[in-house]
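Structure first, commentary second.
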Amino acid sequence: MLKIFPLEWFDLIHGVTYKEKTFNNQSLFVSMTLIKFMPLNDSKYFCRAKQIIEKNKFWCSRFYNLNDPMEGIFKSWPEQAEFMWDLKLAHLICSFSDSSSLGNPLMWGHYAAGFQGIAIEVDIGDSSSNRVNLKGDSYIKRIQYKLIERILDDDSECMSIDTIFCRKLCNWKYENEWRFIKKATEEGYYGIELLDNSKKAKIINVYFGEPYKDIGNSADIIQKSKSLKKYRFFKEALEEICKNKGITPISFDPWEQQNYSCNCTQYNCNKRTEL
């Protein structure tokens, strides 16, 4: 009997994981996955995560509700400003990171409440480029990181949503960001609609942060932290939602990923340091 064998590799240039399926040693397609980080230590973000997982749709925001104070800034002639303002209001943004960011503690710290959150892995279909075109003049594109001088020197006559929303200062490079640019005016949940009707962008994994896992006094820390207790409550509820949708929840232990265990011999350590 003929079988399809899944393969997986990491692109060092683009920093994303590609998954290939072969049939009789012939490549069928290449699939790229991206990561969406989210906090999960309050009811607002639990409700948002629940909606995302149940509907396979992602919250898209106006540019001025994002955390970059330089978001949407560009240099132009005065007569262009009003036109570009209207154009920016006609598009929404949802931020993702490449798959290499899953093991980056900065991303968990800044966007998943210090491991009190989740990382949603999304298969966005066939792609090996820096841009994935979608239905409705929407797309997913890799962010370009530039120096402030380069941003302000960009030719105003070439300004477009693509150039304005898909570039950031080099300070943000650690995010390895890709953006879902949705042509719409109202913030809300939107699906990633691929051009190929036979394929669908879908959530394939949900990783749950495990702060202080296996630390000697982890129970004491959790007991004293209101935030951690809330996170564990929402975590258990969301894990059940994932299972009901056929998505296996995966615990993500930062200690295992970064090998933070104590290796010193001076004090005969045989377990990780208590905090």
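Remark: 214, 123 ranked as 214, 123, counting other beta-carbon atoms within 10 Å and listing the fewest first.
Around residue 139, with a cut-off of 12 angstrom between Cβ atoms, what is the net charge of the other residues, counting Lys and Arg +1 and Asp and Glu -1?
Details: positive: 131, 135, 141, 142, 179, 182, 183; negative: 137, 162, 193.
Neighbourhood net charge equals +4.
The ranking of 225, 129 by Cβ neighbour count inside 10 Å, starting from the fewest, reads 129, 225. Evaluated with a Cβ-only charge set (Lys, Arg +1; Asp, Glu -1), region 36-258 carries a dipole of roughly 680 debye about its Cα centre, given to the nearest 20. Database remark: amide H of residue 188 closer than 5 angstrom to the amide H of 60 (H placed geometrically; neighbours at sequence offset of 5 or more, or on other chains; Pro and chain starts carry no H). Each Lys or Arg adds one and each Asp or Glu subtracts one; over the other residues with Cβ under 14 Å from the Cβ of residue 230, this totals +4. Rounded to the nearest Hz, the phi-derived 3J(HN,Hα) couplings of region 57-71 under the Karplus curve 6.51 cos²θ - 1.76 cosθ + 1.60 (θ = phi - 60°) are 10, 10, 6, 10, 10, 6, 4, 7, 9, 8, 9, 9, x, 9, 4, where x marks glycine and proline.
No value in this document is a laboratory result; all are computed from the given coordinates. Just so you know, these numbers come straight off a predicted model, no measurement behind them. Note: ideal-geometry Cβ built from the backbone for every residue, glycine included; neighbour counts use all protein chains shown.
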